[in-house]
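Novice: Below: one structure in structure tokens.
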Amino acid sequence: MELCIGAPRLISDDHHSAAAEAALLDRCRRQDVEAFGKFVDAYQNRVFGFIRRMVPNGEEAADLTQEVFIRAYQNFARFDARSSVRTWLFRIAYNLCVDRARKAKRSFEEVGLHTGESEEQYEFPDNRWEPERLILTEELCAAVETAMGTMSEKLRTVLLLHDREDTPYEEIAKIVDVPVGTVKSRLFLARAHLQKALNEYLQPEATT
Amino acid sequence: MREKINLTDARLDQLLDEQSCSVVSQVVKELPEEQVSLVWRSELNQKIAAMAGKRRRAMLLSWMWKPAVGMAVCTALVVAVFVRRDAASVGTVTPLVQDAGFERALVREHLASASSIDVAAEGFTPAESADSKGSAAPLDWDREDITSAL
């Protein structure tokens, strides 16, 4: 059984096992520097990628990422494995981003999902689109990054955690401390926002 | 395709499943991974090593000081117990000194000792001296005693 669902193996040997991972986490709990180094190797880029897209300033994102691992090292003894270590780590990262936004006197904006009585309409993806035909060019990547930067942090958080990190809804709900239904609605809105912003790149494929 | 949203959970799940198959979800998934720099990692390693060193020093100090503190506490307890015991036992002994009475006894003893030396030189006890002083009987001198003294 994997300790970290969807997460890279902490031990990259061919004969890794859940027991070996558990042993590594135990060593991390005892603040074993070498074991913690392996833990950082497994998550550093993913945590940095998440924070980099939450925080506009690159240097600040790097500092926050370091702070995530420093707090993880200091508090590893308190990690009780009730959730996966990935959930725990990204929760630290998310809380630091929230604190940073609070210090910058910004709030994570809430974008609500209107009820059935609303006149709001959303564009739904055309099932004729074929993702395999899409080439992820640098231009498209830049457009996606820009589009993600224009959505609220709450939507961006859920989008990154689910679509990029393959985090289940329940774990995302624990990370951001909202109900699962709220996670799903935020995810839907985030994708709709992104799609709307990327129309000029996606419509040529949609019309074929 | 446009339609109004029906926000039941089932409908939301269906919409999300449709979106999952769309370009949008795939594009987000396939964004290039951000890489941390070697400098970043080196700085983090230094900070972690510093924290580990601090923790080791704190543990070493606690290993050194805990036994010492424990022994000090035990010693203090032992001393406290014995002091209390001595103080309790001191209270049952009759003091030798009762104001000036002890001083008078000392003076009396000294005078008696001095008078015994005056009468019969060293070694003569004050009791014997007192006996001889108070006695009206003549001294029992032998002729040999008188001639040897001269």
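Novice: Please arrange B:CYS74, A:CYS28 by counting, for each residue, the other beta carbons lying within 10 Å of its beta carbon, fewest first.
Specialist: Result, fewest neighbours first: B:CYS74, A:CYS28.
Novice: Residue by residue through A:165-178, how many Cβ atoms from other chains fall within 10 Å of the Cβ on average?
Specialist: Across A:165-178, the average partner-chain Cβ count within 10 Å equals 0.
Novice: Can you give the average number of partner chain beta-carbon atoms within 10 Å of each beta-carbon in peptide B:32-38, as a whole number?
Specialist: 6
Novice: Return B:TRP65, A:TRP88 ranked ascending by Cβ neighbour count within 10 Å, so the fewest neighbours appear first.
Specialist: Going from least to most buried by this count: B:TRP65, A:TRP88.
Here, each number is a calculation from the coordinates, and none is a lab measurement. Quantities reported herein were computed from a predicted structural model and do not represent experimental measurements. When we count neighbours, we look across all protein chains shown, and the Cβ atoms used for this are built from the backbone with ideal geometry, even at glycine.
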